[in-house]
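Structure, as structure tokens:
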Amino acid sequence: MSQRNDRERLALAVMDLIETGQRRIARKLDLTRLRILATVADHGPVRPRELATELALNASAVSRHLAALEDAGEVGITPDPADARTFLVTATKAGRRALSAATDAGTAAFVSVVADWTDAQVAEALRGVDRLNEVWAEHHRRTDPPPPNRSARRRSTP
């Protein structure tokens, strides 16, 4: 019984940590916009549709955030030479600097929270979080439905 209670307490503690962190960060940064910018920086040039799929966002949310990022000079938009109906998004130098600054600020804030932890405590926490991330990713690989095969659906529709 104690194992079940400990697992439930761990689940609640992780959910609380995530919610509290997101709430505090969201006061200063738009986390969705930051995720979009990070994805563009990592995978660009990228089409808006690919961003929406990768981040599990709807097209209108991606469009709204891309417009704001473009207005801020953090992404560049160019026509897609392979498909005139869409465009490609790339991160600008200003966007990469903004992303780096946000990452640095978040890291510094976290480091200050655990500043009094011993090296052993940090290593233990890191092992636990790494393991949790691995198991969580594997769980989702097993349980998430595959993306729809749009071309197969079109062929079967009269």
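Check segment 28-36 and report whether any residue there is under 20 Å from Ser100 (Cβ atoms), part of a loop (DSSP other than H, G, I, E, B) and of a type in the set (Lys, Arg). Steps first, please.
The initial filter retains those residues of segment 28-36 that are under 20 Å from Ser100 (Cβ atoms), namely 28-36.
Next cut, part of a loop (DSSP other than H, G, I, E, B) only: 28-30.
Next, only the ones that are of a type in the set (Lys, Arg) stay: 28.
So far as segment 28-36 goes, yes, one or more of its residues are under 20 Å from Ser100 (Cβ atoms), part of a loop (DSSP other than H, G, I, E, B) and of a type in the set (Lys, Arg).
Looking at (1) without any contact (Cβ under 8 Å) to a residue 40 or more places away in the chain; (2) surrounded by 11 or more Cβ atoms within 10 Å (Cβ to Cβ), which is the only condition Leu132 fails?
The single condition Leu132 does not satisfy is (1).
Out of segment 50-109, which residues are over 16 Å from Thr39 (Cβ atoms) and basic (Lys, Arg)?
Answer for segment 50-109, where residues must be over 16 Å from Thr39 (Cβ atoms) and basic (Lys, Arg): Arg85, Lys93, Arg97.
(1) touching a residue at least 12 places away in the same chain (Cβ under 8 Å); (2) loosely packed, with under 11 Cβ neighbours inside 10 Å; (3) within 27 Å of Asp144 (Cβ to Cβ): which one isn't true of Thr78, the others all being true?
Checking Thr78 against (1) touching a residue at least 12 places away in the same chain (Cβ under 8 Å); (2) loosely packed, with under 11 Cβ neighbours inside 10 Å; (3) within 27 Å of Asp144 (Cβ to Cβ), the one that fails is (3).
If you scan segment 54-68, which residues turn out to be more than 17 Å from Gly44 (Cα to Cα) and part of a helix (DSSP H, G or I)?
Ala59, Ser60, Ala61, Arg64, Ala68
Working carefully through the options Thr20, Thr53, find the one that is under 24 Å from Asp104 (Cβ atoms) and β-branched (Val, Ile, Thr).
The unique qualifying residue is Thr20.
Could you list, ordered by first residue, the pairs with Cβ atoms under 9 Å in which the first is in segment 12-31 and surrounded by 10 or more Cβ atoms within 10 Å (Cβ to Cβ) and the second is aromatic (Phe, Trp, Tyr) and at pLDDT 85 or above, at least 6 apart or interchain?
Gly21/Phe110
Which number in (1) under 13 Å from Ala102 (Cα atoms); (2) at pLDDT below 90 marks the one condition that Met1 misses?
That leaves (1) as the condition not met.
Hey, does segment 56-63 have a residue that's within 30 Å of Gly128 (Cα to Cα), exposed (fewer than 13 other Cβ atoms within 10 Å of the Cβ) and not assigned by TED's automatic domain parsing to the domain that holds Trp136? Reasoning before the result, please.
If we filter segment 56-63 for residues that are within 30 Å of Gly128 (Cα to Cα), which is where we start, we get 56-57.
Of the ones still in play, those that are also exposed (fewer than 13 other Cβ atoms within 10 Å of the Cβ) are 56.
If we keep only those that are not assigned by TED's automatic domain parsing to the domain that holds Trp136 too, we end up with 56.
Taking every residue of segment 56-63 in turn, at least one turns out to be within 30 Å of Gly128 (Cα to Cα), exposed (fewer than 13 other Cβ atoms within 10 Å of the Cβ) and not assigned by TED's automatic domain parsing to the domain that holds Trp136.
Report yes if Leu88 is within 22 Å of Pro48 (Cβ to Cβ), surrounded by 10 or more Cβ atoms within 10 Å (Cβ to Cβ), within 24 Å of the chain's Cα centre (by Cα) and not basic (Lys, Arg), otherwise no. Spell out how you get there, then give the answer.
Working: within 22 Å of Pro48 (Cβ to Cβ): yes; surrounded by 10 or more Cβ atoms within 10 Å (Cβ to Cβ): yes; within 24 Å of the chain's Cα centre (by Cα): yes; not basic (Lys, Arg): yes.
So Leu88 fits the description; yes.
The values are calculated or read from the model by the stated rules, or taken from the named source; none is laboratory data. Note that the structure is a prediction, hence the values are computed from the model and not measured. Cβ sites come from the backbone with ideal geometry, for glycine too, and all protein chains shown count toward neighbours.
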